[in-house]
1. Cut-off is 10 Å between beta-carbons; in what order do CYS274, CYS83 appear when sorted fewest neighbours first?
2. Once both axes come from the Cα atoms, what is the angle between helix 15-27 and the longest principal axis of the chain, in degrees from 0 to 90, rounded to 10?
3. Find the relative contact order for the chain and round it to a whole percent, using C-alpha pairs within less than 8 Å whose residues are 6+ positions apart.
4. Can you sort SER235, SER256 from fewest to most other Cβ atoms within 10 Å of each residue's own Cβ?
5. Bin by bin, in steps of 10 Å, what percent of the Cα pairs in the stretch 106-193 do you find, going until the bin that has the longest distance?
6. If you average the sequence gap of Cα pairs under 8 Å that are 6 or more apart and divide by the length of the stretch 209-345, what percent do you get for the contact order?
7. Could you give the radius of gyration (one decimal) and Dmax (whole number) of the Cα atoms in the stretch 209-345, in Å?
8. For the chain, what value does the Rg/Rh ratio take when both radii are computed over Cα atoms and Rh is the Kirkwood radius, given to two decimals?
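A short reminder: the numbers here are calculations on the coordinates, not readings from a lab. A quick note: this is a predicted structure, and the numbers were derived from the prediction, not measured. Cβ coordinates were reconstructed from backbone atoms using ideal geometry, including for glycine residues, and neighbour counts include every protein chain displayed.
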Amino acid sequence: MLFMTRSFVSTRSVASTMYGAVALAALSSGMPYSRSDPVIVNGSLTGPIVNNGVPPGWSVSSGSPDTMDENNNVGVPSATNFCVPPSGASPDGGTWVGLGTTLPIERFGQTVGGFEVSAEYEISWYQGNFGLEVLCTVFGPGQNAIQVRVDSQVVGAGTFVAPGPAWTSESVTFVAASETMLIEFEVADQLSSGYVSIDGISIRQVAGARYCTPANLNSTGVAAVLLATGSTLVSDNDIRLAAVDLPQNQFGYFLSSPTQGFIANPAGSQGNFCLGGGALLGRYDDMVMNSGPAGTFAAFIDLTAVPIAAAPGSIAIQPGDTWNFQAWFRDVPNTSNFTDAVSIQFD
């Protein structure tokens, strides 16, 4: 980050509302795909500490991004002048990239190949808003996020958060227009005084077709979404489920069934149960998760041992099977809710 003089306006862009609409519009296409994940080079952003430089495998598109960690803010050795010090490295570990709003806007990226045209993909990353002390002192601690460009077009942004010590897990989705595309990252609110960190970048193809959507609104005022990514080949055993747009710091788990159904507000829930019941209904209640500050939880599921209600308690998914998934979660003040559901046909 190179320091330059500019006038800052403390305002949040209304475009952040549009980002969610773009992502949900893409998700709602309901198209099943065969799977092939493009490979991000050095998605862990591992590299030497440097002010005005990015890790190997990446290129600076604009401005002066920095490679840094919790002991070397803005890529300056031994600098700890954060607005709020990070709790540590991201869950991905090691170094990360810091992006600011000094002109020209700081942006970095890489050209990625292996996309399937018209297929839907999820880009995920870890985001931290630890800021820069001088900016927080002069302009105040403002909310900000990381946003993503694909072939120069903004496709979405992470959660806008105020400076704090925590990392959050973020993602956006888009439909591939060509086999090779330029993926770039920058600060979302470019009229603010922000300095935001990013780490652990990955791309996975969306699996299955969403149904029972949108879910009923939860206490955040939006509907929770279930996103499945990975391979529909049973032999790959590579499906990841992610429940997003949940209330913060609430417990929940995934559900599965080979059949679909519909029960409105079961047991007083605010949501709708969209799976079939019976002996093959499964609850992943041995892997209860918490939505944390980002309002999301995610996990890989084992296709060789999908839980079922009947003995022996689990079953292996076979090629040609169709399975349906949903997430249940606690909601506030004293109720529960559901995401929408995803149906996946396995090969």
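1. Details: CYS274 26, CYS83 23.
Ranking CYS274, CYS83 by Cβ neighbours within 10 Å, fewest first, gives CYS83, CYS274.
2. Relative to the chain, helix 15-27 is tipped by roughly 30 degrees.
3. On the way: 1007 pairs, mean separation 59.4, N = 347.
Here the relative contact order equals 17 percent.
4. Details: SER235 10, SER256 23.
Starting with the residue having the fewest Cβ neighbours, the order is SER235, SER256.
5. 16, 45, 26, 11, 2
6. Working: 359 pairs, mean separation 45.8, N = 137.
Relative contact order of the stretch 209-345: 33 percent.
7. Looking at the stretch 209-345, its Cα Rg and Dmax stand at 14.0, 42 Å.
8. Values: Rg = 20.7 Å, Rh = 20.9 Å.
Taking Rh as the inverse mean 1/r over Cα pairs, Rg/Rh reads 0.99.
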